[in-house]
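Scroll down for the structure; my scribbles are underneath it.
The values are calculated or read from the model by the stated rules, or taken from the named source; none is laboratory data. It should be emphasised that the depicted structure is a prediction, and the values quoted were computed from it without experimental measurement. Note that each Cβ is placed from the backbone with ideal geometry, even for glycine, and that neighbours are counted across all protein chains shown. All accessible areas refer to the heavy atoms of the entire protein, side chains included, with ligands and DNA or RNA removed. Shrake-Rupley method; radii C 1.70, N 1.55, O 1.52, S 1.80 Å.
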Amino acid sequence: MNDIFKINKSWQVELQDEFTKDYFLGLKSFLSQEIKAEKIIYPEVDQIFTAFDLTPFNKTKVIIIGQDPYHGPNQAHGLSFSVKSGERIPPSLKNIYNEIKLDLGHEVPEHGELTAWAKQGVLLLNTVLTVEKGKPASHRKKGWEIFTDKVIQTLSQKKENLVFILWGSPAQKKENLIDQKKHLILKSVHPSPLSAHRGFFNNHHFSKANEFLLSKGLSPINWDIKSIN
């Protein structure tokens, strides 16, 4: 497809027109220049599309939308809200785990890697897929938002019975890209410690997602990370 990125074939087929558009070529050029300038970019280049590699288009059932990758060392690996196993669990993910315990009774895991969800069909999609070390939001408005909006639109248009989970106002702005007649949209405040107490806890999004999937004859997600790993 190109000399920097590789993406799962199912997504490459669905998004092939995007990779030759001016905005995407500009994004590639920007990232190439950043790398040549020896700037440290997260996640590592071969993990930029981890979410797509672990959750092929045809297997996607649930989409959880995040914002930027983590900008500290050894954290980001291409999945929204997730950090590499062995790294400290970020505050927002701690609150996600606490809500799962409230909602479903699952014990809080000892690590923050959400690969097990992704392999079950949970697309952990950040709206911006790269960031410079120590500089949050440094890769916003470089083209990633156009690309990930297209991802959301393509899922909405070409699939049925998806669950879109939108936490916080930036994620909720994506609601207009989703056909509400075909899909379930779950919204609440962000799990950040700054807002979680204002409606994230007891939102029951995890049980509601599974109830919807089961009602459509689809297998539910096992949200219990501790039991899987």
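Residue-wise HN-Hα couplings along the range 35-49, as the Karplus relation 6.51 cos²θ - 1.76 cosθ + 1.60 with θ = phi - 60° gives them from phi, are 5, 4, 7, 6, 7, 8, 10, 10, x, 4, 3, 6, 10, 4, 9 Hz; Gly and Pro carry x. Non-local amide H neighbours of Val131 (under 5 Å, H modeled in plane, Pro and chain starts lacking H): which ones? Sorted by chain and number, the residues that satisfy this are Tyr42. Note on the chain: helix-only mean residue ellipticity at 222 nm, from DSSP H runs of 4+ residues weighted -39500 (n - 2.57) and normalised by residue number, equals -9500 deg cm²/dmol. The value given for the range 69-131 is a Kirkwood hydrodynamic radius of 12.2 Å, derived from the mean inverse Cα-Cα separation. Let me have the relative contact order for the chain, percent, based on Cα pairs under 8 Å that are six or more residues apart. Result for the chain is 23 percent.
Rounded to the nearest 10 square angstrom, Arg140 shows an accessible area of 100 square angstrom against a 1.4 Å probe.
Taking Cα centre as origin and charging only the Cβ of basic (Lys, Arg, +1) and acidic (Asp, Glu, -1) residues, the dipole magnitude of the range 29-98 rounds to 280 debye.
Residue order by solvent-accessible surface for Lys182, Lys158 is Lys158, Lys182, largest first, with ligands and nucleic acids left out and a 1.4 Å probe. Measuring against 29 Å, Cα to Cα, the residue pairs Lys101/Lys133; Lys119/Lys187; Lys39/Lys226; Lys101/Lys150 contain Lys101/Lys133; Lys39/Lys226; Lys101/Lys150 as the ones spanning a longer distance. For Leu123, nonlocal amide neighbours, meaning residues 5 or more places apart or on other chains whose placed amide H falls under 5 Å from its own, are Lys61, Val62, Ile63, Ile64. Backbone geometry of the range 95-111 corresponds, through the Karplus equation with coefficients 6.51, -1.76 and 1.60 at θ = phi - 60°, to 3J(HN,Hα) couplings of 5, 4, 4, 5, 5, 4, 5, 5, 6, 10, x, 6, 5, 6, x, 9, 9 Hz, x marking Gly and Pro. Rg/Rh, computed from the Cα trace of the range 127-229 with Rh as the Kirkwood radius, has the value 1.00. Couplings for the range 198-211, taken from phi via the Karplus curve 6.51 cos²θ - 1.76 cosθ + 1.60 with θ = phi - 60°, read 9, x, 7, 5, 6, 7, 6, 5, 6, 6, 5, 4, 5, 4 Hz in order; Gly and Pro are left as x.
Checked against a 24 Å cut-off, the cross-linked pairs Lys84/Lys141; Lys36/Lys142; Lys6/Lys216; Lys84/Lys208 give Cα-Cα distances beyond that limit for Lys84/Lys141; Lys6/Lys216; Lys84/Lys208. Our summary of shape: the Cα atoms of the chain have principal axis extents of 48, 37, 31 Å, ordered from largest down, in whole angstrom. In the range 81-141, with Lys and Arg counted as +1 and Asp and Glu as -1 at Cβ, which of these residues, Tyr97, His139, His111, has the Cα nearest the positive end of the dipole, that is, farthest along it? Selected residue: His139.
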